[in-house]
Amino acid sequence: MKRRGGARRAPRRRGETPYRLRLFVAGNEPHSAQARATLERLCQHALRGRCHIEVVDVFQDYRAALEYHVVAVPTLIVEEPPPVRYIVGSLSDEATVRAALGIEGGTP
Amino acid sequence: MAPTAEARLPQPITKAPTHIAGLDEILQGGLPRGRTTVVMGQAGTGKTVLGLEFLYRGALDGEPGIFVGFEEPPDDLRVNAATLGWDLSRLEREGRLVLLDGRIKPEALRAGAFSLSGLLAIVTGKSREVRARRVVLNALDVALRFFESPVAARNELHILNDWLRNAGLTSIVTYKPRAPDLDGLDDFFGSMADCVIRLDARVVDQVTTRRLRVIKYRGSDFGGNEYPYVIGESGLRCIPISTVGLKHEPLGEKISTGLSRLDAILDGGYRRASCILVAGQPGAGKTILASTFADAACRRGERVLYVSYEESAAALAGNVASAGLDLKPHVDGGRLVFLAYMPEAMGAEEHLMRVMDAVTRFEPHHVVVDAISACDRMGGMQAAFEFLMRLLNSCKERGITILLINQTKGATDRVELSGAGISSMLDTVLFMDYAVGPRETNRLLHVFKARGSAHSNLKYPYVVTPSGIHILEPALGPGEVPGVPPGRAAPGRQPEAP
C-alpha cells in the first residue's frame, strides 16, 4: 500500500555527491504529481541519476508527515548533502529548485 | 453541494456544549455539533483561549479534541494554558487532547503551488487515533497568508471547509479579519460557517472592555446582543444576562429597614427582592442607612453582600461604628461579606464577574452597592450603566434585594438622583437631603417612590447619633397643595418612638 517504494537508485559515480531526497505528496493531487515529475526529470538528467528519492504519500503515512513536520504538500526535503533544506510547492519554480539542489547551468 | 447535504439531514441541529462560563447560555446550548464555527477577532481578543478552552473542557467532558496552531508552537500553548490552571500535558498523555504545530517551516523555500493536505492527513490520522470529536484550527489566516494568491488561499479554504464538513467534527476556526477585506476572505469565512462569533476588545476611558457577539447561527436561535466577557483566572467568561425583566422574581414581603420609623414611613419596610436606591449628598448618612439595613438583616439570620467602591471594608466598618453599628460579629459569623475594590482597578465586566462570583458563592439575601456613582470610573458611563443593569437583573432574577447608594452633587437634582439611567429598575427611592436654613442645617429624609406600597410623602428630619439614625417627627403645617392634606397616605404620620 505504501508509496514509499517509489525509490530510484542509480549506480554511483566516484567523487560525485549522492542526493538523498524525500518528497511528500498528497495522493495524486496535481501539485504533487507535477512535483514528482519535475523531480524525477531533474534527477535523471541534471543530477545524472545520483539520487535516492523516497516518495511519501501523506494520505498513506500521516505519521511520517508528523515526524518530518510536513504541513504543506508537496514538500521536498533535501536530506543529503547537508544542510537539510525544505522546498515547498509543485517545484514549478525550477530555478529555485536547481539553486537548492546546487545544480548549475540550464540543462533540461 | 451544501444544499443537498442539508436536504439529506433534515433533523434539527444538535449542540456541543462549550462548557465556557456563560457562553452556552448565549448559544442556547453550545456550538453546532459536527459543524464549523468561525471565531473572529483582532489580536488580543482571546480567540486562542476560546478555542483551547472549548477543547480543554470538551476533553474533560469526554470529547477528545485536536488543536492546530498556525501561529504558535504547542509549547507556548501549554505554558499559557498552565497560567489558567489547565494541565494540557496530562490530557495529551491520556490521549484526550492533541496539540499540532500547523506552522509552515519559515525557512522552507517556496517553489510553486501547494496545499495543506499534509496537515489534513495528520489531523485525520490523529483524530482517528484519539477518536476526536472536536477540532480547532487556530489563526487560519496566518496559514492562508503563505499562499501565493488570494485565489489559491480561497481554494484552500474551500478544501478545508469540505474536509471539515465530511469529518463530522465540531470545529472552531479562528482568524483575524483584515480591514479592508481586500481578498474577500472574510466573506468566505463567514459563509463557510454555521455559526459566527465575533470577539472585540476596545479601550474606553483607559479601561479595556471586551465584547462577544454571535453574528450568525444557522438553524438556531441565539442571544443577539453584545455580551461582555473577560479572560479570568480560569478561562473565558461571558456574561449572558440580556433577558431584561423577563425572569424577575415578584417583589416579596416587607422586611425591616432596621429603623422602625422608616419601616412605618414605608408602610412596613422595604420589599424583599426589590431594588432600593438611597440617594444623597456626601455626609448625609447613606452608608449608615444601608449598614443599618444590613445589620438588621444579619440579625434576622440573613446573608448580606456589601460591595464597596468608595472605601475599604475596615474604613467602612469604622465609619458606621461611630453610629453605633457593630458589623464585626456579622462578618465573623459569616452573614456579612464585604467586597471592596477601586472602581478603576478593572473593567466593568471584571467588576461584574467578581460581584456575581460572590453572589453565586455566598447566595446573599441582600446586596448593597456603595456607591453606584463610583461605577462611572469603571470605564465610562455606558460601562457603568451596563454593569448596573446586569447586576440588577441578576439580583432580581435570584430574588435578591439590592440596595444602591448614589452620591449626588446637587441637592435635588432629580435627573442625577436615580443614577446612570436605571430609574425604571428602581422599586423604592429614598433621598437624604439637607435643608439649609438661616440658623441651622437640617437633614431630611424623603421617600420619592415606593412601588407596591403606600408611603408617606412627607420630608422627615433625621439625625445621625452615636446610636444610629433617628428619624424625627415631620413638621406638619398646612398642606403645600391646596385641598391635599399633608402627609398623604402617610403611615408614618402617627407619632412613634424612634
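Please treat every number below as a calculation from the coordinates, not as lab data. Note that this is a predicted model, so its numbers are computed, not measured. Backbone-built Cβ (ideal geometry, glycine too); neighbour counts: all protein chains shown.
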So for region B:265-305, using the alpha carbon gyration tensor with a ≥ b ≥ c as root eigenvalues (a/c under 1.5 gives rounded; past that, a/b versus b/c decides prolate or oblate), I'd call it oblate
Partner shielding of A:93-101, as the mean number of partner chain Cβ atoms within 10 Å, equals 2
Note to self: C-alpha centroids of region A:20-74 and region B:64-95 sit apart, in Å, by 31
Exposure proxy check on A:His52, A:His31: fewest-to-most Cβ neighbours within 10 Å is A:His52, A:His31
Residues whose modelled amide H sits under 5 Å from the amide H of A:Val56, counting only those 5 or more places away in sequence or on another chain, are A:Leu23, A:Phe24, A:Val25
Phi angles of region B:193-198, converted by Karplus (6.51 cos²θ - 1.76 cosθ + 1.60, θ = phi - 60°) into ³J(HN,Hα) in whole Hz with x for Gly and Pro, give 9, 7, 9, 10, 10, 10
With +1 at each Lys and Arg Cβ and -1 at each Asp and Glu Cβ, the charge dipole magnitude of region B:15-139 around its Cα centre, to the nearest 20 debye, comes out at 460
Over the protein assembly as shown, the sum of -39500 (n - 2.57) across DSSP H runs of at least four, divided by residue number and rounded to 500 deg cm²/dmol, gives at 222 nm -9000 deg cm²/dmol
Residues meeting the amide H criterion for B:Ala279 (H placed from the backbone, H to H distance under 5 Å, 5 or more places apart or on another chain) are B:Asn406, B:Leu430, B:Phe431, B:Met432
Neighbour-count ranking for B:Cys395, B:Cys298 (other C-beta within 10 angstrom, fewest to most) reads B:Cys298, B:Cys395
